[in-house]
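These notes concern the structure reproduced below.
The values are calculated or read from the model by the stated rules, or taken from the named source; none is laboratory data. None of these values were measured; they are calculated from a predicted model. In this analysis, Cβ positions are derived from the backbone assuming ideal geometry, glycine residues included, and neighbour counts consider all displayed protein chains. Remember, those area values only see protein heavy atoms, side chains included, never the ligands or the DNA or RNA. Shrake-Rupley method; radii C 1.70, N 1.55, O 1.52, S 1.80 Å.
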Amino acid sequence: MKLMTGNSNLPLARAISAYLEVPLTEALVRRFADEEIFVEIMENVRGEDAFVVQSTSYPANDNLMELLIMIDALKRASAKRITAVVPYFGYARQDRKPGPRTPISAKLVANLITTAGADRVLSVDLHAGQIQGFFDIPTDNLFAAPVMSADIRSRFGEKNLMVVSPDVGGVVRARALSKRLDNAPLAIVDKRRERAGESEVMNIIGDVEGRFCILIDDIVDSAGTLCNAAAALKEAGAEDVVAYVTHGVLSGGAVARVEGSALHELVITDSIGNQEAIKGAAKIRHLTIAPLLAEAIRRIADESSVSSLFD
């Protein structure tokens, strides 16, 4: 097995490497004066099972190009099989046509990864499950719910828990977490989005009075939805509100917004390498998914079941 990484999330790649006890393959990933990306693999990879760890987070286009070029370099170096390990799959929110003359960029990116030479894709909590079908190669979509539920049990197990979806579209995700928490009751925040990046909370479906609410989502970007939902839950009598989100994009003033919100805590995974952005933030905590990804990588390499990770 060969484990390789670009520049998007070195801490996560190193944690995966340490878990597997497989050193990161030495590679040169640099830019020319005009920001053109150049990759040179410094080790022999002929006939190897290669895994490229690279989130396509900010700067999304640079990190995506790094991934594509690394895959191409491995293919031309005669790697036996190439698996693109993309903890955070950027462009996933563009998974359908929301209006006329708009692209389905998630499908385009899937085509690019396949054309570059990837034989398999491994990702975590894709924004929409159907994105798996955008790829014409095997695609494994891991779930962070087991990691989150273990953390919730250890920290808030004695509380009167209620799982809350911040919108109607996230009910399936919330229900899956609820099952892992001994079928904790479920509530839904009904909201109306007036414009991109802004949300207005309308009402709450479910009785949250006296409950310790766990908001669950896959992506937190501007954090407007989460903060508005937390405020609405507190107004409805919730004891406290903690949010668990897989991908912490946290763009613009999101960190400051979370810090000034009604949220007791926001827990994000390390799928995106934004440690500097949240340094000093009292309400934001990291939860690692390195063991989850590493175990999936091991199972792919051993040709054993990945789905049994979630049994």
So Ala238, is it touching a residue at least 12 places away in the same chain (Cβ under 8 Å), open to solvent by less than 20 Å² (accessible area, probe 1.4 Å) and not in a loop (DSSP other than H, G, I, E, B): no
Qualifying positions in the range 238-296 - among the small types (Gly, Ala, Ser), closer than 28 Å to Glu209 by Cα and within 20 Å of the chain's Cα centre (by Cα): Ala243, Ala254
Selection status of Asp119, open to solvent by 20 Å² or more (accessible area, probe 1.4 Å) and at pLDDT 95 or above: yes
Near pairs, Cβ below 7 angstrom, 6+ apart or cross-chain, from the range 119-141 (at positive phi) to any residue that is open to solvent by less than 50 Å² (accessible area, probe 1.4 Å) and among the hydroxyl-bearing types (Ser, Thr, Tyr): Asp125/Thr246
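For every residue, the table says whether it meets (1) modelled with pLDDT under 95; (2) surrounded by 22 or more Cβ atoms within 10 Å (Cβ to Cβ); (3) outside any helix (DSSP H, G or I); (4) not charged (D, E, K, R).
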position: Glu43; (1), (2), (3), (4): no, no, yes, no
position: Ala50; (1), (2), (3), (4): no, yes, yes, yes
position: Ser55; (1), (2), (3), (4): no, yes, yes, yes
position: Asp62; (1), (2), (3), (4): no, no, no, no
position: Leu67; (1), (2), (3), (4): no, yes, no, yes
position: Ala79; (1), (2), (3), (4): no, yes, yes, yes
position: Thr83; (1), (2), (3), (4): no, yes, yes, yes
position: Gly90; (1), (2), (3), (4): yes, yes, yes, yes
Candidate set: the range 162-180, residues that are crowded, with 22+ Cβ neighbours inside 10 Å and of a type in the set (Val, Ile, Thr); chosen: the one farthest from Val249 (Cα to Cα): Val163
Residues that are open to solvent by 80 Å² or more (accessible area, probe 1.4 Å) and either at pLDDT below 95 or in a loop (DSSP other than H, G, I, E, B) (or both), drawn from the range 11-31: Glu21, Pro23, Glu26, Arg30
Matching residues, the range 213-232, being in contact with a Leu (Cβ under 8 Å, 6 or more places away or on another chain), among the aliphatic types (A, V, I, L, M) and assigned to a helix (DSSP H, G or I): Leu226, Ala229, Ala230
Neighbours by Cβ (under 9 Å, 6+ apart or cross-chain): first from the range 146-163, under 9 Å from Arg180 (Cβ atoms); second of a type in the set (Phe, Trp, Tyr) and in a helix (DSSP H, G or I): Pro146/Phe310
Scope the range 162-195; condition assigned to a strand (DSSP E or B) and at pLDDT 90 or above; matching residues: Met162, Val163, Val164, Ser165, Leu186, Ala187, Ile188, Val189
Candidate set: the range 269-282, residues that are farther than 19 Å from Pro59 by Cβ and modelled with pLDDT of 90 or more; chosen: the one most open to solvent (accessible area, probe 1.4 Å): Ala282
Residue match in the range 288-299 (condition: open to solvent by 60 Å² or more (accessible area, probe 1.4 Å), among the acidic types (Asp, Glu) and either at pLDDT below 95 or in a helix (DSSP H, G or I) (or both)): no
Unmet criterion (only one of (1) within 24 Å of Gly273 (Cα to Cα); (2) among the hydrophobic types (A, V, I, L, M, F, W, C); (3) in contact with a helix residue (DSSP H, G or I) (Cβ under 6 Å, 6 or more places away or on another chain); (4) surrounded by fewer than 21 Cβ atoms within 10 Å (Cβ to Cβ)) for Ile137: (1)
Residue ID - farthest from the chain's Cα centre (by Cα), chosen from residues in the range 99-113 that are surrounded by 14 or more Cβ atoms within 10 Å (Cβ to Cβ) and assigned to a helix (DSSP H, G or I): Leu112
Extreme residue, nearest to Thr269 (Cα to Cα), among residues of the range 140-161 that are open to solvent by 30 Å² or more (accessible area, probe 1.4 Å) and part of a helix (DSSP H, G or I): Val147
